[in-house]
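No lab work stands behind these numbers, since they all come straight from the coordinates. Quick caveat, the model's predicted, so the values are computed rather than measured. Neighbour counts are summed over all protein chains in view; Cβ atoms, including those assigned to glycine, are modelled from backbone coordinates with ideal geometry.
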Amino acid sequence: MSAAFPLIAQSICDSCCGAYQRARRSQRGAALIVALLLTALGAAVATQLLAPLAGWLSREYRARDTQAAYTLADAAATWSLTVLSGDARTSTIDHLGELWAISLPPTQVEGGTISGQITDLQSRFNLNNVAPQGLRSEANVIVAKLIFARAGVPAELAERLADAIDNDLVTASGQSEAQVYGARMGNQKLETLADLLTLGGFTAAHIEALSAFVDVLPDAGSINVNTASAELLATVLPNASGAQWANALAVRGAKPFASITEFSSALGVQVPDSAFSVSSQYFQMNSTISFDLVKHAIVIRCRRLLGVAPTIYYRSVQNA
């Protein structure tokens, strides 16, 4: 009996130790599972916390970039006005070889880039010229018809345009506008090219086709022969031959015209100085400002009168 007791005791001890080891392994396994669960829970909580934080940071950065873009937009406006003002002090004509006509390539600024270009709005035909101050101009209506035909737009729409702008209530044929168009026309000048859509007869495709040749200015503005395209000039002055145009454009390429008299001499055709000029009053500045999270397109239109600082009459800042 006494000899067997140690064996029994050893067996019991081994059994207890085995159970203990199994318990320890089980506890370690449970601890590992708990640790994994806590890690997963911590990751989920972190994700829940970081998601709104990332959204907040994105909004903050976007707000910062937007504010910087508006600041640069003001700087671009100041730059364009300064350039145009300086040009007026040193030159009485406007042409594409001047400082204002040189584009600003994408230039690095803190955190982004800015680019810009000033264009002469009088390099195109002003649609409001068909009835300046509300009085129909037959000569300019004819010019409008020539441009419309060149752009593939029905020429008769030039008559509708003139009736929509002039002050009277009758058409060139003597009929009332209400009889011809089914309603009284607005009898007011255009504010933008998009206003053509409100006149009836015009489509978005018409506006797109015309945009290379025409624009809308607040007041009557003549075509600048130094900045207008050769296609536009040949369209509105159809009496000149191809050889005459080649000579006039060669002269302009060598030296911009200082007067309409010089232009007429180079072209060999009498050009009315009431419809054409060698200088301009209306300009547009287009600028693109890019940051990490925003990109803005800025459009500024200004008027520059002789002896008066240029003034902005239109400004637009939009997401590009």
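How large is the convex hull of the Cα atoms of the stretch 127-212 per residue, expressed in Å³ as a whole number?
Details: hull volume 7.1 nm³, N = 86.
Once divided by residue count, the hull of the stretch 127-212 is 82 Å³.
Once the Cβ-Cβ distance between residue 191 and residue 108 is put in as r, and R0 is 35 Å, what FRET efficiency do you end up with, to the nearest 0.05?
0.45
7 Å from Cα along Cα→Cβ at both residue 156 and residue 172: what's the point-to-point distance in nm?
Reported label-point gap for residue 156 and residue 172 is 1.3 nm.
Please give every one of the lysines within straight-line cross-link reach of residue 295, meaning a C-alpha to C-alpha distance under 29 Å, and leave out same-chain neighbours fewer than 8 residues apart.
none
Output the peptides 134-144, 279-289 sorted from most to least packed, where packing is the average of other Cβ atoms within 10 Å over each peptide's residues.
Highest to lowest by the protection proxy: 279-289, 134-144.
Would you calculate the convex hull of the Cα atoms in the stretch 175-320 and tell me its volume per residue in Å³? Spell out each step's value before the answer.
On the way: hull volume 28.2 nm³, N = 146.
Each residue corresponds to 193 Å³ of Cα convex hull volume.
In whole Hz, what ³J(HN,Hα) sequence does the stretch 91-102 give by Karplus (6.51, -1.76, 1.60; θ = phi - 60°), x for Gly and Pro?
8, 9, 10, 10, 8, 7, x, 8, 4, 5, 7, 7
Roughly how many whole Å is it from the C-alpha centroid of the stretch 120-176 to that of the stretch 65-94?
Here the two parts' Cα centres lie 33 Å apart.
How many nm is it between the label spots at residue 205 and residue 314, if each spot is 7 Å from the Cα in line with the beta carbon?
2.5 nm
Measuring from label point to label point, each 7 Å out along Cα→Cβ, what is the residue 63 to residue 90 span in nm?
Roughly 4.4 nm, to one decimal.
Among the lysines, which fall within straight-line cross-link reach of residue 189, defined as a Cα-Cα distance under 19 Å, with same-chain neighbours fewer than 8 residues apart omitted?
Correct list for residue 189: 145.
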